[in-house]
1. What number of residues in the stretch 79-96 are farther than 13 Å from CYS251 by Cα, part of a helix (DSSP H, G or I) and in contact with a Pro (Cβ under 9 Å, 6 or more places away or on another chain)?
2. What about VAL258, is it assigned to a helix (DSSP H, G or I) and not basic (Lys, Arg)?
3. Regarding the stretch 146-169, can at least one residue be identified that is basic (Lys, Arg) and touching a residue at least 24 places away in the same chain (Cβ under 8 Å)?
4. Quick check: is even one residue across the stretch 58-78 part of a loop (DSSP other than H, G, I, E, B) and modelled with pLDDT of 90 or more?
5. Against the condition of a type in the set (A, V, I, L, M, F, W, C) and touching a strand residue (DSSP E or B) at 6+ places or on another chain (Cβ under 7 Å), how does VAL112 come out, does it pass?
6. Any residue at all in the stretch 43-57 that's closer than 17 Å to GLY278 by Cα, buried (at least 24 other Cβ atoms within 10 Å of the Cβ) and among the polar types (S, T, N, Q)?
7. Working only within the stretch 183-197, note down all residues that are exposed (fewer than 13 other Cβ atoms within 10 Å of the Cβ) and either over 19 Å from ALA305 (Cβ atoms) or among the β-branched types (Val, Ile, Thr) (or both).
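The values are calculated or read from the model by the stated rules, or taken from the named source; none is laboratory data. Predicted model, so just to flag it, every value in this text is computed and none were measured. All Cβ positions, even for glycine, are placed from backbone atoms using ideal geometry, and neighbour counts span all protein chains on display.
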Amino acid sequence: MTAIARQKLEAICLPMAAILVALLLFGIFCALAGANPLGVYGSIYRAAFGQWSAWQNTLLRASPLMLSALCTALPAHLGLVIIGNEGALIMGGLGAISVGLALGTSLPPLGVQVAMALAGMLFGGVWIAIAGALRHYRGVNETIGSLLLNYIAIALLNHLVGGPMKDPSSLNKPSTFPLADLNMLGTIPGTRIHWGLVYGLVACAIAYVLMQRTTFGFAARTAGGNIRAARIAGLPVGKLTLAICFLAGSCAGLAGMVEVAAVHGRANESLNVGYGYGGILVAFVARHNPLAGALVSVLLGGILASGGILQRSHDLPDATVLVFQGIVFLCVLYSESLYGRFAIFQEREALPASRKATV
């Protein structure tokens with residue numbers, strides 16, 4: 001087996017092992033809570049993949065996860081750990097609703113939707129580019145910087161929907177004015193799945209080609225592998241950092257636009273439901289591979305879709321699925337420290353000719 005094949009096998013086996021361990025730990029948690037672990041697993045499967053209606057619920061949750069996962073996956077190729085997905089998603093939603101309300105019905109629905117998508121991508125991209133700029137020009141840790149930007153975005157959301165952009169008729173749940181029905185993203189014919197799923201799949205495919213099949217992606221991976229060597233080679237590390245952070249944030253911003261234009265029809269606290277944080281988990285489980293991220297998003301979307309049935313059938317809190325998500329995240333993070341430690345995944349060194357003769 002070649003070294004590349006061993007590396008790919010390791011990249012598949014370790015995350016799968018981490019998920020299996022997470023399943024075991026979650027089963028223990030369910031047993032301590034008084035539920036049958038096997039029954040819980042069966043309910044999760046039925047709620048996520050048991051029938052076509054369950055699949056539709058799963059795919060509805062998978063689309064924002066695909067887009068927000070790219071916010072972590074793309075900068076990882078540059079050696080950056082960005083976790084500001086939630087903030088970029090919120091800013092994208094705010095940008096999209098601002099443009100949608102400003103345009104109203106002055107343009108055809110498709111024109112308004114395109115403008116909203118561009119605004120969401122711009123707002124989300126600039127938000128994460130701030131973290132990249134702070135990292136490159138001021139030496140601020142990008143993980144801490146992007147995390148703190150999440151809280152700023154949440155505070156800004158609460159201020160705007162509860163103040164300057166508030167619809168006076170939204171009493172119990174402060175929200176902005178609603179979008180015109182014509183400007184809402186429709187659903188794929190014959191399903192309840194909105195077009196955001198297509199946006200997510202296309203974005204993952206483009207991201208994969210960009211990072212694996214272009215000189216831009218090669219330059220980013222070179223800088224991520226050894227930034228000093230990249231500078232010696234003349235690569236514009238600063239521009240690469242800003243460009244990739246902007247692209248990463250624009251993907252999460254597009255997820256915010258989809259949530260506004262396809263799900264809620266307005267901006268409110270529902271933008272802050274954790275899809276950004278879920279995207280971080282998706283990126284790490286997929287080893288920052290955009291195509292694998294699409295598959296992992298479907299898996300995690302199914303888990304998130306099963307919260308209701310766990311509450312009804314097993315008397316477990318709806319937030320139990322978030323406990324499961326957290327356990328998976330911890331197990332996957334721990335598995336990152338195990339790469340390169342198992343002999344089965346390492347290439348055996350050939351014996352010197354003199355030793356072969358002695359043997």
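1. Counting residues in the stretch 79-96 that are farther than 13 Å from CYS251 by Cα, part of a helix (DSSP H, G or I) and in contact with a Pro (Cβ under 9 Å, 6 or more places away or on another chain) gives 0.
2. yes
3. no
4. Checking the stretch 58-78: at least one residue is part of a loop (DSSP other than H, G, I, E, B) and modelled with pLDDT of 90 or more.
5. No: the conditions fail for VAL112.
6. No, the stretch 43-57 contains no residue that is closer than 17 Å to GLY278 by Cα, buried (at least 24 other Cβ atoms within 10 Å of the Cβ) and among the polar types (S, T, N, Q).
7. The answer is GLY186, PRO189, GLY190.
Conditions (1) out of contact with any Leu (no Cβ under 7 Å at 6 or more places or on another chain); (2) outside any helix (DSSP H, G or I); (3) without any contact (Cβ under 8 Å) to a residue 60 or more places away in the chain; (4) surrounded by 21 or more Cβ atoms within 10 Å (Cβ to Cβ), marked per residue:
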residue	(1), (2), (3), (4)
LEU316	no, yes, no, yes
LEU322	yes, no, yes, no
GLY326	yes, no, yes, no
TYR334	yes, no, no, no
